[in-house]
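Following: one structure in structure tokens, then a few remarks.
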Amino acid sequence: MSVTAPRGFTAAGVAAGIKDSGGPDLALVVNEGPIRAAAGVFTSNRVQAAPVRWSREVLARGRVRAVVLNSGGANACTGPGGAEDTRDTAGRAASALGCPASEVAVCSTGLIGVRLPREAVLTGVDAAAAVLSRDGGEAAARAVMTTDTVPKTAVAEGPGWRVGGMAKGAGMLAPGLATMLAVLTTDAEVSPGELDAALREAVRLTFDRVDSDGCMSTNDTVLLLASGASGRVPEPGAFAAAVHRVCQDLARQLVADAEGASKEIAVEVVGAASEEDAVLAARAVARSNLLKCALHGEDPNWGRVLSALGTTEADFDPDRVDVAVCGVWVCRDGAAGEPREKADLTGRRLTVTVDLRAGENSAVVWTNDLTAAYVHENSAYSS
């Protein structure tokens, strides 16, 4: 259930001394081949961490031998020194693996504006390279955790090939990509172009539809590596579907582990004039702090849904909108519908359905409730 589920990959996770806690904080994922095709998608934030800038250049070549990931520091807004740290990290991994530094992607996560402890990172790369194994996926997934409470891994099966993945993320979860570091792997024989197409479509419909707290990270990175170790060439549609399943699984795990969350909320918009309108409307509802607080209090306050919809430019008639909370249509034609007390919000997974009655398109955005625990998590200490 991890990046080492597909053949041709090894991984490791070690405690390098980056985190004050002394816990695991550096991971290494290695593609043993025979091919080293790769694709990547990165944050659309204009403020980008040094590892993002480096890895963009690496992925432009469509070939990746290894990925070094660290938690405990974002290496963002760290100036020329931070760029040098990233370059040296890639170089150390390249030396250990016998490949060019231009084939090593680097990912970081943690506090913005603080230089990483350079020697600890470099020593950690050596330590991780020394313990690489086919069973190292779980350790790697744990090493990238920050405020995450559990590691996040997933796998999908194809006929004779697999797609595996790991991700981290619990805060700063918002589109473009949703905040995360994610590495996906496959043992299928797939070209860089095919990897890129499958990954971008999967990200568009999964990670880009996670909207927990409206805060976009400086470090978002999603990578997809292919080893070709299975010797199988998948049918493009089947491969894209497998990549989508892994991304969707990981995206839902991010929402489930969002900081302080007690509810996982799917906001489903149907009957939209276009997919763009459906996403726009769903995102507005998902970002309503008033609604998120209401759902935390198990109150199906549909008025807050309509209020959020009204801030968008989506095509709809306010007097024709229907809203259901957990299957109960509490709003019909823009006014009160079924008795709100019929809606059972006691479970962890909730659904808010909005029918704009303006077309045939739909979209789902995943979010969570807003809790006192979230405020504490982001005020009591730096993360």
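The values are calculated or read from the model by the stated rules, or taken from the named source; none is laboratory data. Remember, it's a predicted structure, so these values are computed and weren't measured experimentally. All Cβ positions, even for glycine, are placed from backbone atoms using ideal geometry, and neighbour counts span all protein chains on display. Each accessible area value is taken on the protein alone, full model and side chains, heavy atoms only, with ligands, DNA and RNA left out. Shrake-Rupley method; radii C 1.70, N 1.55, O 1.52, S 1.80 Å.
Take the conditions modelled with pLDDT of 95 or more, of a type in the set (A, V, I, L, M, F, W, C) and farther than 27 Å from residue 147 by Cα and apply them to residue 97. Does it pass? Spelling it out, residue 97 is indeed modelled with pLDDT of 95 or more, of a type in the set (A, V, I, L, M, F, W, C) and farther than 27 Å from residue 147 by Cα. Of the residues making up the stretch 131-154, those that are out of contact with any helix residue (DSSP H, G or I) (no Cβ under 7 Å at 6 or more places or on another chain), closer than 21 Å to residue 5 by Cβ and crowded, with 17+ Cβ neighbours inside 10 Å are 132, 136, 137, 138, 139, 140, 141, 142, 143, 144, 145, 148. Taking helices (runs of 4 or more DSSP H) as the structural unit, those lying wholly within the stretch 48-130 and holding at least 1 residues that are open to solvent by less than 10 Å² (accessible area, probe 1.4 Å) and farther than 17 Å from residue 13 by Cα correspond to 50-59, 79-97. State all residues of the stretch 327-363 that are within 30 Å of residue 202 (Cα to Cα) and small (Gly, Ala, Ser); if no residue qualifies, say none. Once the filter is applied, which keeps residues that are within 30 Å of residue 202 (Cα to Cα) and small (Gly, Ala, Ser), the stretch 327-363 yields 327, 347, 358, 359, 362, 363.
You will find that of 110, 79, 91, 62, the residue that is at positive phi and free of Cβ contacts under 8 Å to residues at least 24 places away in the same chain is 79 and no other.
Applying the criterion of at least 2 residues that are more than 30 Å from residue 154 (Cβ to Cβ), touching a Leu at 6+ places or on another chain (Cβ under 7 Å) and modelled with pLDDT of 95 or more to the helices (runs of 4 or more DSSP H) found wholly in the stretch 251-352 leaves 302-309. Taking the listed residues 186, 206, the one that is modelled with pLDDT under 95 and open to solvent by less than 10 Å² (accessible area, probe 1.4 Å) is 206, with no other qualifying. Residues in the stretch 239-282 that are among the aliphatic types (A, V, I, L, M) and in contact with a Gly (Cβ under 8 Å, 6 or more places away or on another chain) were compared, and the one that is nearest to residue 346 (Cα to Cα) is 258. Out of all the residues in the stretch 155-171, is one or more in contact with an Asp or Glu (Cβ under 7 Å, 6 or more places away or on another chain) and at pLDDT 95 or above? Yes, because at least one residue in the stretch 155-171 is in contact with an Asp or Glu (Cβ under 7 Å, 6 or more places away or on another chain) and at pLDDT 95 or above.
Taking the condition out of contact with any strand residue (DSSP E or B) (no Cβ under 6 Å at 6 or more places or on another chain) and among the hydroxyl-bearing types (Ser, Thr, Tyr), does residue 307 pass? Judged against the criteria, residue 307 is a match.
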